[in-house]
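See below for the structure under consideration.
The values are calculated or read from the model by the stated rules, or taken from the named source; none is laboratory data. All figures in this text were calculated on a predicted structure; none of them were measured in a lab. Here the Cβ positions follow ideal geometry from the backbone for every residue, glycine too, while neighbour counts run over all protein chains shown. Ligands, DNA and RNA are excluded from the accessible area calculation, which covers all protein heavy atoms including side chains. Shrake-Rupley method; radii C 1.70, N 1.55, O 1.52, S 1.80 Å.
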Amino acid sequence: MKQKECIRYWLFLLMTSILVTACTDKKEQASSKIPEKIPLKVLALNDMSAFDAPDNGWELVKDIYPNLLPVDIGNAEALTTVPGNGVLLKNNEEGQSPMISAGFEHEDLEVELSFLLPKNATATLLFQGKYGLELRDTWRNNSPGLNFCGTIPSSDNSNIIPSVNACKAPGLWQQLKVFFRCPRVDEQGNTIKEASFEYVYLNGHLIHKNVPLSAVSGTASAEDKKAGPLVFRTESPHFAIKDIKYQAYALAEISFEDITYRVYDSLFKSFPDFTTLQATDSGNTTAFEIPQLNLPYKHYGIVFKGTLNVPFTDTYLWQVDFGDGGEIVIDGKSIRRFIRNSGEFEERGALVDIEVGQHPFEIRLTKSSWRKNINIFYESASISKKDLVHDLTQKANRNPVSPILVKAFKQPEMVRGFVKHLGETKTHVISVGDPKGVHYTYNLKTGSLIKLWKGQFGDATAMWHSRGNTQLWHSGNFTLDIPDGAPVARLNAESDSWPKSSPESINFHGYHMDLEQRPVFDYSFDNLKVEEHIKPSADNLGLTKSIHINGDNISGSLWYRLASGEKIVQLSDLLYLVDGNYFLRMEPDNDPVPILRNDSELLVSIPKKLQSTIQYSLIW
């Protein structure tokens, strides 16, 4: 008996050891996870050394923010600056240059930055010193045909205007992401391909895609140099930039030669060792494209071989997505194998150091099911992301799907579906569109307002077309994403931490419709009944949230959280600025007075009476 117990004991220790080791291995794998892309360089704003001719009215400050609501901002006195560094600010005075250049020249350029425009301000980014992108305050300009923020100017006044006005309110930080492709010129100086913006994202919303720039004037000179500076220009009194990240890419790229292929007609249930198999077919080809081979087989394996010509010694990021299974081999070594549903080799990326010169290269693939998606991408700090296997599955030949747009005309529209929120997929949500053009998404699981946007309501194609695999709702404009979390909590002391998840005592009861057919959200907390009304603000600058509370808060320890963030600034008795991203305005005649905790949370104490109302507006 004792011997059996001893054996059980040692088996228990052995299993525990295995589990601990497995968990440790998973943690180590997680800590060394391959990045999705090569990180961009950071343009340091510790001093002015990163710019040419810095002594021309541009300066560094730690922060800048407005003192008043956007409708009141219009002069220098309405902006406050904090001494320090980290933000590049233009204080435009007479006789000073309106331009400043980054201290590098570029051909192709990927750049991300945040910018701040005062009321009615205009600024321009000049790529290679000549191809312009206008940043202007068009916050309240919603008429079609106006030069919205992100307009591409042209020499003949045929400006290229974004389809939506994705501009935030003046005084708020806005985000810009641009990929610029410089002109391609042959050895004789003839232009092979015009310059273009591959994409432009304003506040996370795509406003331009593959736009040729042949008509853009900017500060173009007669000499069309290959490389040029990134220039910031403004005639307005103030313009601020921060968080500048960039990567200047060379025009060279990886090339291949002497490509051969070998095909194996078989249904592979596991990834094979092709060196032990007899090929069914073989030949030479010019690219890693299966459709052009006209294979007659339903299931098969295929091995491409060739010579890899690498222009720069660098660390290369490879990303793969094979339909069923595959691997990439360089210099005889497997750099990444991906086998779907195998329980291993699920990582789809690899970082590989490759020296300049020629290298033996292989792609080994199997097709054993209906899946046909085969994608291989590579990039480095010198070469922008490239598609190695272009159009393997002939996706470009498929009939494009017309978008299924949902609009709110005469009354509010409500859509249930998943949404992406701060990198997570939220499932228990409802998106509400309003005829006044101010919309939101509400998390029914936590009772939180999590997304706000203006303009078009949204696109339901990913939900309603065919099988609707992703079930994702896409907003019609950029969204202001607000941190999720419990709206109500019991705090025994004012200094207690806010709970990370909704307390169990919160019970959500769904919603009912008001007289204007807008949803009213109902939930209870302890002995309190709460109704949340959300609608466009009276001045249509944003959304107004009215929280009606019924019940006796006997203990007085119940709190409602209005906002949370990295930094909340109180601008006046009723006005707050949250992370530089949006304004929170308390409406007059509120029962409670907000409390700002640690400059990161704005709370109100729920009064000790049978009925109370909390009302505030979010403006962005």
Scanning the stretch 565-611 for residues that are of a type in the set (Phe, Trp, Tyr) and free of Cβ contacts under 8 Å to residues at least 40 places away in the same chain gives Tyr576
Under 6 Å between Cβ atoms, which residue pairs at least 6 apart in sequence (or on different chains) link something in the stretch 200-211 that is at positive phi with a partner that is open to solvent by less than 20 Å² (accessible area, probe 1.4 Å) and in a strand (DSSP E or B)? Asn203/Gln174
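A quick yes/no check of all residues on (1) within 17 Å of Lys386 (Cβ to Cβ); (2) loosely packed, with under 14 Cβ neighbours inside 10 Å:
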residue: Phe274; (1), (2): no, no
residue: Leu277; (1), (2): no, no
residue: Gly301; (1), (2): no, no
residue: Thr313; (1), (2): no, yes
residue: Trp318; (1), (2): yes, no
residue: Asp321; (1), (2): yes, no
residue: Asp331; (1), (2): no, yes
Residue, nearest to Gly447 (Cα to Cα), within the stretch 549-568, restricted to residues that are modelled with pLDDT under 95 and either open to solvent by 40 Å² or more (accessible area, probe 1.4 Å) or touching a Phe, Trp or Tyr at 6+ places or on another chain (Cβ under 6 Å) (or both): Asn550
Looking only at the stretch 438-480, count how many residues are farther than 29 Å from Tyr523 by Cα, free of Cβ contacts under 8 Å to residues at least 24 places away in the same chain and within 19 Å of the chain's Cα centre (by Cα). 1
Could you count how many residues in the stretch 171-193 are part of a loop (DSSP other than H, G, I, E, B) and surrounded by 16 or more Cβ atoms within 10 Å (Cβ to Cβ)? 4
Take the residues of the stretch 127-170 that are polar (S, T, N, Q) and within 21 Å of the chain's Cα centre (by Cα): which is least open to solvent (accessible area, probe 1.4 Å)? Thr151
Take the residues of the stretch 485-511 that are outside any strand (DSSP E or B) and surrounded by 19 or more Cβ atoms within 10 Å (Cβ to Cβ): which is modelled with the lowest pLDDT? Ser502
Check Gly468, Gly542 and return the single one that is closer than 30 Å to Gly580 by Cβ and open to solvent by less than 30 Å² (accessible area, probe 1.4 Å). Gly542
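Residue by residue, here is whether (1) under 19 Å from Gly455 (Cα atoms); (2) of a type in the set (Ser, Thr, Tyr); (3) modelled with pLDDT of 95 or more; (4) touching a Gly at 6+ places or on another chain (Cβ under 6 Å) holds:
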| position | (1), (2), (3), (4) |
| --- | --- |
| Ser163 | yes, yes, no, no |
| Gly171 | no, no, no, no |
| Phe179 | no, no, yes, no |
| Arg184 | no, no, no, no |
| Glu187 | no, no, no, no |
| Glu194 | no, no, no, no |
Since Gly326 meets every condition but one in (1) at pLDDT 95 or above; (2) assigned to a strand (DSSP E or B), which condition does it not meet? (1)
Of all residues in the stretch 512-539, count the ones that are assigned to a strand (DSSP E or B), under 18 Å from Ala408 (Cβ atoms) and either polar (S, T, N, Q) or open to solvent by 40 Å² or more (accessible area, probe 1.4 Å) (or both). 3
When restricted to Pro588, Pro594, Pro607, the only residue of a type outside the set (Lys, Arg), modelled with pLDDT of 90 or more and open to solvent by 10 Å² or more (accessible area, probe 1.4 Å) is Pro594
Restricting to the stretch 61-81, name every residue that is aliphatic (A, V, I, L, M) and modelled with pLDDT under 95. Ile64, Leu68, Leu69, Val71, Ile73, Ala76, Ala78, Leu79
